[in-house]
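The values are calculated or read from the model by the stated rules, or taken from the named source; none is laboratory data. Computed from a predicted model, the values in this text were never measured in an experiment. Cβ atoms come from the backbone with ideal geometry, glycine included; neighbour counts cover every protein chain shown. Accessible surface areas use protein heavy atoms only, side chains included; no ligands, DNA or RNA. Shrake-Rupley method; radii C 1.70, N 1.55, O 1.52, S 1.80 Å.
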Amino acid sequence: MKTLLTLFATFFKIGAFTFGGGYAMIPLIQREVSEKRKWITDDDIFEIIAIAESTPGPIAINSATFVGYKVAGFWGSFFSTLGVVLPSFVIIIAISFVLAEFESLKAVQYAFNGIRAGVLALVVKAWWSMYKKCPKNVFSYILAAASFVVAAFLGVNVLLVVVGCAVAGLTYSLIAARRADK
C-alpha cells in the first residue's frame with residue numbers, strides 16, 4: 001500500500017508542477033522515478049517514452065501508466081495514472097471559472113508567455129536526453145531529420161511518422177544484420 005501511495009504522490013507532484021504537457025514532464029519523470037527513487041533505469045525511461053509516444057493517448061499519462069505497472073502491477077498503473085491526471089483536471093476546472101475574468105489582463109498574458117518559454121526549455125532538455133541515448137550513425141540522423149521535416153513542415157500525422165520510423169528502423173536493422181552475417 002505504501003508503494004501505491006508513493007506512486008500516486010510522485011506522479012501527482014509531477015502532474016501538479018509541470019506545465020506544457022507530456023514532453024515537459026519527461027525530465028521530471030526521469031529524475032523522480034529513475035534517479036531519485038530507482039524504480040527503473042534510465043534505459044527503461046527511454047524505452048517507456050518510445051512506447052508511450054507510439055501508443056494512443058498523452059505521453060505523460062502513458063508514461064505514468066507504464067512506470068506504475070512496472071513498479072506495482074495493475075494498481076500501480078492505476079494510482080500513477082490517477083496521480084498524473086488529477087492535478088490537471090482540478091486546475092482546468094478552477095481555471096475555467098476564472099480565466100474569462102482575467103484573460104485580458106496584461107500580467108496574465110505575460111505570465112503565459114513566460115510559461116511557454118519555460119516549456120520550450122523543458123522540451124529541448126527532453127530532446128537532448130533522448131538524443132544522448134540514440135544510436136549515433138548516419139541512418140539515425142537522416143531518419144530524425146526526415147521525421148522532423150515531414151511532421152513539422154509537411155503536416156504528416158505524427159502516428160504515421162512513428163510507424164514509418166519503426167518500419168525504417170526494423171528494415172535497417174535487418175539489412176545490417178544480414179550484412180554482418182555475410
Relative to the chain, whose Cα atoms define the longest principal axis, helix 59-102 and its Cα axis are tilted in degrees, nearest 10, by 50 degrees
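Relative contact order of the chain: what whole-number percent is it, with Cα pairs under 8 angstrom and at least 6 residues apart?
Details: 158 pairs, mean separation 43.8, N = 182.
After rounding, I find 24 percent.
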Rounded to the nearest 500, the 222 nm mean residue ellipticity computed for the chain from DSSP H runs (n ≥ 4, each -39500 (n - 2.57)) alone is -28000 deg cm²/dmol
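Give me the accessible area per residue for region 98-182, probe 1.4 Å, as a whole number in Å². Walk me through the numbers before you get to the answer.
Values: 6680 Å² over 85 residues.
Normalised by residue count, the accessible surface of region 98-182 is 79 Å².
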With +1 on the Cβ of every Lys and Arg and -1 on the Cβ of every Asp and Glu, the dipole magnitude of region 33-152 about its Cα centre, in debye rounded to the nearest 20, is 300 debye
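What does the accessible area per residue of region 1-94 come to in Å², with a 1.4 Å probe and no ligands, DNA or RNA counted?
Working: 4910 Å² over 94 residues.
In whole numbers, region 1-94 has 52 Å² accessible per residue.
Would you please put 135-141, 83-89 in order of how densely packed they are, using the mean number of other Cβ atoms within 10 angstrom per residue and starting with the highest?
In descending order of packing, they fall as 83-89, 135-141.
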Taking the chain, the lysine pairs whose C-alpha atoms sit under 23 Å apart (8 or more places apart or on different chains) add up to 19
Candidates L154, L28, L82; GNM for the chain (alpha-carbon contacts under 10 Å) flags as most fluctuating L154
A 1.4 Å probe over the protein heavy atoms gives region 18-158 a carbon and sulfur accessible-area percentage of 72 percent
When the charge dipole of the chain is computed with +1 at the Cβ of Lys and Arg and -1 at the Cβ of Asp and Glu, the Cα pointing farthest to the positive end, of I29, G15, S77, is that of I29
